[in-house]
Structure formats: structure tokens, C-alpha cells
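Colleague: I am attaching a structure below and will ask some questions about it afterwards.
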Amino acid sequence: MKLNTNSNTYIIIYSAVLVVVVAFLLAFIFKALKPMQDANVALDIKKQILYSLNIRDLDGAEAEAKYAEVVKSEVEKDGIKYYGCELDGQTKYVFPLKGMGLWGGISGFVSVDDDLNTIYGAYFNHESETAGLGAEIKDSQAWQEKFQGKKILSDNGDAAIAVVKKVENAASEVDCVTGATLTSNGVSEMLRDGLVRGVKLLQAAAPDADAIEE
């Protein structure tokens, strides 16, 4: 019996089979590529941590090797995560941060000297900020470098680090990104929340060199 390829039944069955086959192929490809995708995500995170330590322009293999050399521990305590690092014989702590920008999530890694009050380096990222404006938190290395040497806490222990429209305290404040006030505010809030909480936690625990080896 000859099939009527113009019938509704044939079209429905053909479409259903096609959908099942395509779904199976997509699932197979996703599963096959997932280990590679996970490895790429992990490498990207390692590179961002190195960026916050002012180590840039490394390819994948170089970044893996440098990360293994520099990062000595990954610690999570009381909801705060940090990486204990040794760089040129000095202890650094790297804190991962998350916040909200104008159009979506923003994130970053900030490294801190062993005095737990001085920023050594910073790297920020975003999900969907505007190119040339909010996206500058990621794209502008010069802006990220403005955080180097900034104090996190004031002399009385209050949060001092901030991103502002007009810098009044050069020791702890950074100019906002021009034309990206809301994104800059998001970075400021992210720092004053996650970073300040992190350094205060470690200050209270009075960390020393042994803490890196946890």
C-alpha cells in the first residue's frame, strides 16, 4: 500500500520521529561535549583568579601551571569562600564576589595583601552589561588597576572601599565607569558586601601562614 505523504497522519508521525531523533542527537552531543565545557569553565575561573593577582596573558597550559604554583588552598567558612595564595614569597588572599549590574549579574575576584586591608589586584566580569559602558568593568584593565593599593576598611573598622562618582578619599575610593553609574554601584555594593565580610572574617580568625595550607 502506498503511503499518502500528504495526509495529516503521515505529517504528524514524521514530525514526531524527526523531533525525537533531533532531541536524541542534541542530548548525545551535549553529553559528549560536557567534560570539555566543564574543563573550559574551570580554566576560565582559574584565569580570572590569576588576573586578580595581576598575572595575565597566559595561554591555557601556562595558566594551569601558574595556578597550581600560586594557589595553595581553597577554603569556605561561614558562607565566605577564599583562596590562599603565595606569590613571590608573599601571602595573598583571593575572594570571589557576586553582585548585580544594570542588566544582569556581575562577578569578580579581588586579591588582598596579608594585612587583610589592602587590595593587591582585581578582576571583574559581567553577564550582559552594555558594551563601551558597563562592560568596561571587564574590558578595561586600566580601570581594574585603579583598585590596586586601595584600603578596604577605615581605621575604625568600617567599610571604606567604594566606587564613587567623585573621589574624596583616594586611599579607598575609585572613580565609577563613565556612563555606567548603576553597574559601578553594583561593583561598589559587591565589594562592600562580599569583600568586607571576607576580610573581617579572616581578621577575626587572625589567620597566619598556616591558614593557607588548610
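Colleague: In terms of solvent-accessible area of protein heavy atoms at a 1.4 angstrom probe, what is the ranking of Val22, Val112, Val164, highest value first?
Modeller: Val22, Val164, Val112
Colleague: Please report, in debye to the nearest 20, how large the charge dipole of the chain is about its Cα centre when each Lys and Arg carries +1 at its beta carbon and each Asp and Glu carries -1 there.
Modeller: Magnitude of the dipole: close to 1100 debye.
Colleague: With everything on Cα atoms, drop me the angle between helix 8-52 and the longest principal axis of the chain, reported from 0 to 90° to the nearest 10.
Modeller: Between the helix axis and the principal axis of the chain, the angle is about 20 degrees.
Colleague: Same structure, new question: Just to verify a number: what accessible area does Thr9 come out at with the full protein assembly present, 1.4 Å probe, Å² rounded to tens?
Modeller: Rounded to the nearest 10, the figure is 90 Å².
Colleague: Alpha carbon centre of region 43-105 versus region 170-201: separation in Å?
Modeller: 18 Å
Colleague: Here's something else I'd like to know. Ordering Asp139, Asp44 by accessible area with a probe of 1.4 Å, largest first, what comes out?
Modeller: So, going from the largest accessible area down, we get Asp139, Asp44.
Colleague: Next question, about the same structure. Under a 1.4 angstrom probe, counting protein chains only, how are Glu69, Glu129, Glu136 ranked by accessible area, largest first?
Modeller: Final ranking, largest accessible area leading: Glu69, Glu136, Glu129.
Colleague: To the nearest 10 square angstrom, what accessible area does Asp113 show with a 1.4 Å probe?
Modeller: 30 Å²
Colleague: Which far-off residues, 5 or more places away or on another chain, put their amide H under 5 Å from the one on Thr130, with H placed in the peptide plane?
Modeller: For Thr130, the qualifying residues are Ala135.
Colleague: Given only helices, namely DSSP H runs of n ≥ 4 each adding -39500 (n - 2.57), what is the per-residue ellipticity at 222 nm of the chain, to the nearest 500 deg cm²/dmol?
Modeller: About -12500 deg cm²/dmol.
Colleague: Here's something else I'd like to know. Among the aspartates and glutamates, select those whose C-alpha is under 20 Å from the C-alpha of Lys34, and discard any that sit fewer than 8 residues away in the same chain.
Modeller: Reachable aspartates and glutamates: Asp44, Glu64.
Colleague: Another question about this same structure. Run the quick spin-label model on Asp57 and Ala39: label points 7 Å from Cα toward the beta carbon, then report their separation in nm to one decimal.
Modeller: Label-label distance for Asp57 and Ala39, simple model: 2.7 nm.
Colleague: Okay, moving on. Going through region 1-70, which trypsin sites (Lys or Arg not before Pro) have at most 15 other Cβ atoms within 10 Å and a DSSP loop state?
Modeller: Answer by residue number: Lys2, Arg56.
Colleague: Also, I was wondering about something else. With the radius of gyration and the Kirkwood radius both derived from the Cα set of the chain, what is their ratio Rg to Rh?
Modeller: That ratio equals 1.20.
Colleague: Extension gain Val20-Ala32, at 0.36 nm per residue separation less the Cα-Cα distance, in nm?
Modeller: 2.5 nm
Colleague: Let a ≥ b ≥ c be the square roots of the eigenvalues of the Cα gyration tensor of region 107-214; is it rounded (a/c under 1.5), or, if not, prolate (a/b larger than b/c) or oblate?
Modeller: Because a/c hits 1.5 or more and a/b exceeds b/c, region 107-214 counts as prolate.
Colleague: Students often forget the sequence filter, so: which lysines lie under 24 Å Cα-Cα from Lys151 once same-chain residues fewer than 8 apart are removed?
Modeller: Cross-link targets: Lys77, Lys81, Lys92, Lys98, Lys138, Lys165, Lys166, Lys200.
Colleague: Given R₀ = 30 Å, FRET efficiency for Ala171-Ser128 by Cβ-Cβ distance, to 0.05?
Modeller: After rounding, the FRET efficiency stands at 0.35.
The values are calculated or read from the model by the stated rules, or taken from the named source; none is laboratory data. Since the model is a prediction, treat every value here as computed from it, not as a measurement. Heads up, the Cβs are rebuilt from the backbone with ideal geometry, glycines too, and the neighbour counts pull from every protein chain shown. Side chains are part of the model used for accessible areas, which takes the heavy atoms of the whole protein and leaves out ligands, DNA and RNA. Shrake-Rupley method; radii C 1.70, N 1.55, O 1.52, S 1.80 Å.
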